[in-house]
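I have placed the structure first, in the form of structure tokens, so that the comments after it can refer back to it.
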Amino acid sequence: MEWQHTRKPCDHALAFLSTQRNIKLDMYVHEYYSLEKFRTAYKGFIAPMADKSQWPRVDLGYVTAAPLVKRSTGRQRKLRIKSCLEKRGKGNQKTQVRSQHKCIRHGELGHHPSTCPMNGTKKR
């Protein structure tokens, strides 16, 4: 898909082409990405932008405000969705307390009667 849009070969195509001998990569890349086109684009003087405080004030004749937000139907979320850069877990979340299993035969914690180590192996 990248080839159809930008006329640049995809990464896997470039990897294959780099293994071939006596191949000019210029044949597979559009001339738009050539050094000559880059130099002609930046040959002239490009003035730096002024600081935001120096931008001219423009009166549009109306005020642009934030869009009105309607509450969605249904129950609201308790927690917001955290971004991928935020730490997950433990923060302000409540941890779930789980009870241990108790063996009915011996009263020991940590296993069921079916997995009791005191049972021994069953013969088939």
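The values are calculated or read from the model by the stated rules, or taken from the named source; none is laboratory data. Everything numeric here is computed off the predicted structure, so don't read it as measured data. All Cβ positions, even for glycine, are placed from backbone atoms using ideal geometry, and neighbour counts span all protein chains on display.
In region 26-46, what residues are part of a loop (DSSP other than H, G, I, E, B) and closer than 15 Å to Leu14 by Cα?
Result: Val29, His30.
Just give me the residues in region 9-35 being among the charged types (D, E, K, R) and at positive phi, in sequence order.
none
Within region 45-53, can one find any residue that is of a type outside the set (Lys, Arg), under 27 Å from Thr6 (Cα atoms) and surrounded by 10 or more Cβ atoms within 10 Å (Cβ to Cβ)?
no
Name the single residue, out of those in region 90-104 being among the basic types (Lys, Arg) and loosely packed, with under 10 Cβ neighbours inside 10 Å, that is modelled with the highest pLDDT.
Arg98
For Ile23, which of the numbered conditions (1) assigned to a loop (DSSP other than H, G, I, E, B); (2) out of contact with any helix residue (DSSP H, G or I) (no Cβ under 7 Å at 6 or more places or on another chain) fails to hold?
(2)
Please indicate, with yes or no, whether at least one residue in region 16-38 is touching a Cys at 6+ places or on another chain (Cβ under 8 Å) and surrounded by 10 or more Cβ atoms within 10 Å (Cβ to Cβ).
Checking region 16-38: not a single residue is touching a Cys at 6+ places or on another chain (Cβ under 8 Å) and surrounded by 10 or more Cβ atoms within 10 Å (Cβ to Cβ).
Within region 1-15, restricting attention to residues that are assigned to a helix (DSSP H, G or I) and modelled with pLDDT under 80, which residue is nearest to His30 (Cα to Cα)?
Thr6
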